[in-house]
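Here the structure comes first, spelled out in structure tokens, and everything after it is commentary.
The values are calculated or read from the model by the stated rules, or taken from the named source; none is laboratory data. In this text, all values refer to a predicted model and were calculated from it rather than measured experimentally. Here the Cβ positions follow ideal geometry from the backbone for every residue, glycine too, while neighbour counts run over all protein chains shown.
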């Protein structure tokens, strides 16, 4: 009896093993018929833990191809969908992707599951058949990258990061050997440049996505990846620098900016970041030197002229140096000429004259000698006469701007009216004082 039982058990095992092999073939047959729901059911049974084909590389290859078909996009030609053809288990097989896509809702992680299946192909293969596996995995790489780009464009940044991480994981399959340029089959060699670019750009776009999500740590991690693989653009260096600035690490912040400037010397974003650092740190000489360098490359940049003017203006106030004041005036005028509708440029030049006139007024009020007083008054009125038309111009530009109601413009407008009121009083223009009084009152 024991022998009979043993024979029966062996027979049942043989039947079960054969049934699992039949599941693999049935899955392939259903692919041919375009019935991916049944194909998926058969292959899931064949690869289920405990099944006799759970360690079959062929079974996992079929599973990877089916799940990849579910997750990949439909290829189009002349406005019409075309089938996706792949070598699977020794034969070229045509996949109707549109029909496979109908299973996406119930298989949301199809591309990830396809990758898991291909990892098992490698795991259970005595020798990997790269002529079958490489084209499938390469297509999976491209499809995952396209998903990431689509999600990024739709501003679904968390989903984009997930897709780009999958790209990097696919590239790293079999310790990076499978898609290594030295290991590619002949017909895939032309794709090696795309493989490298896609992998690198996944880090770049991940950094942008993390930045848009406000995730500082993830932004830095992806930015450092992008810098290391040389896919980083100038904005990546700014993102990394911002992280260090937020965390008070000025040395790393400045190092990141300077490194970026060496690689992207024409980057306006990096240049402005560098300039702002020197300006805010009080290093005016260094800031001026950088501004002069920038103006050589971009002489038509009004903002650079304005920043130059502001620094000269501040230096002139501290030293009472007429030549610095003249440099400031010239730079302000250059900025206004380049951008005559910018009220800040006009206001600041008017403000430079106004402040000088105000300082003289303070001295006049302390002067007891009438002759000296009259000399200073004449000088003061002459300077105020330079400020007045600029402040009136700033008022007109502000009132005509689409940004007039903004908080920043309203603040500048209030200061402009206050300066005008003072100038009109000092110059005896009482009709003008009365004219702007309602405007001032309306701002209070």
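Looking only at the stretch 337-354, which residues are closer than 13 Å to residue 391 by Cα and in a helix (DSSP H, G or I)?
Across the stretch 337-354, the qualifying residues are 343, 344, 345, 346, 347, 348, 349, 350, 351, 352, 353, 354.
So which residues in the stretch 294-308 are under 20 Å from residue 234 (Cα atoms) and buried (at least 16 other Cβ atoms within 10 Å of the Cβ), if there are any at all?
Selection gives 294, 295, 301, 303, 304.
Checking the condition in contact with a strand residue (DSSP E or B) (Cβ under 9 Å, 6 or more places away or on another chain) and either modelled with pLDDT of 95 or more or farther than 30 Å from residue 214 by Cα (or both), which residue from 100, 158, 117, 163 passes?
On the way: 158 fails: in contact with a strand residue (DSSP E or B) (Cβ under 9 Å, 6 or more places away or on another chain); 117 fails: in contact with a strand residue (DSSP E or B) (Cβ under 9 Å, 6 or more places away or on another chain); 163 fails: in contact with a strand residue (DSSP E or B) (Cβ under 9 Å, 6 or more places away or on another chain).
Of the residues listed, the single one that is in contact with a strand residue (DSSP E or B) (Cβ under 9 Å, 6 or more places away or on another chain) and either modelled with pLDDT of 95 or more or farther than 30 Å from residue 214 by Cα (or both) is 100.
Does residue 407 satisfy the condition of being surrounded by 11 or more Cβ atoms within 10 Å (Cβ to Cβ) and free of Cβ contacts under 8 Å to residues at least 24 places away in the same chain?
Details: surrounded by 11 or more Cβ atoms within 10 Å (Cβ to Cβ): no; free of Cβ contacts under 8 Å to residues at least 24 places away in the same chain: yes.
Answer is no for this residue.
Just checking, does the stretch 52-65 include any residue being under 34 Å from the mean Cα position of the chain (by Cα), part of a strand (DSSP E or B) and modelled with pLDDT of 90 or more? Walk me through how you get there before you give the answer.
As a first pass, look at the stretch 52-65 and keep what is under 34 Å from the mean Cα position of the chain (by Cα): 64-65.
Add one more test, that the residue is part of a strand (DSSP E or B), and what stays is none.
Looking through the stretch 52-65, none of the residues is under 34 Å from the mean Cα position of the chain (by Cα), part of a strand (DSSP E or B) and modelled with pLDDT of 90 or more.
Could you check, for the stretch 293-301, whether at least one of its residues is under 24 Å from residue 393 (Cβ atoms) and in contact with a helix residue (DSSP H, G or I) (Cβ under 8 Å, 6 or more places away or on another chain)?
yes
Look through the stretch 261-276, keep the residues that are crowded, with 20+ Cβ neighbours inside 10 Å and either over 18 Å from the mean Cα position of the chain (by Cα) or within 21 Å of residue 316 (Cα to Cα) (or both), and return whichever of them is modelled with the highest pLDDT.
Step one: list which residues in the stretch 261-276 are crowded, with 20+ Cβ neighbours inside 10 Å, which gives 270-271, 273-275.
With either over 18 Å from the mean Cα position of the chain (by Cα) or within 21 Å of residue 316 (Cα to Cα) (or both) added as a condition, the list becomes 274-275.
Details: 274: 86, 275: 83.
My answer is 274.
Of (1) under 19 Å from residue 172 (Cα atoms); (2) touching a strand residue (DSSP E or B) at 6+ places or on another chain (Cβ under 8 Å), residue 62 satisfies all except one. Which?
(1)
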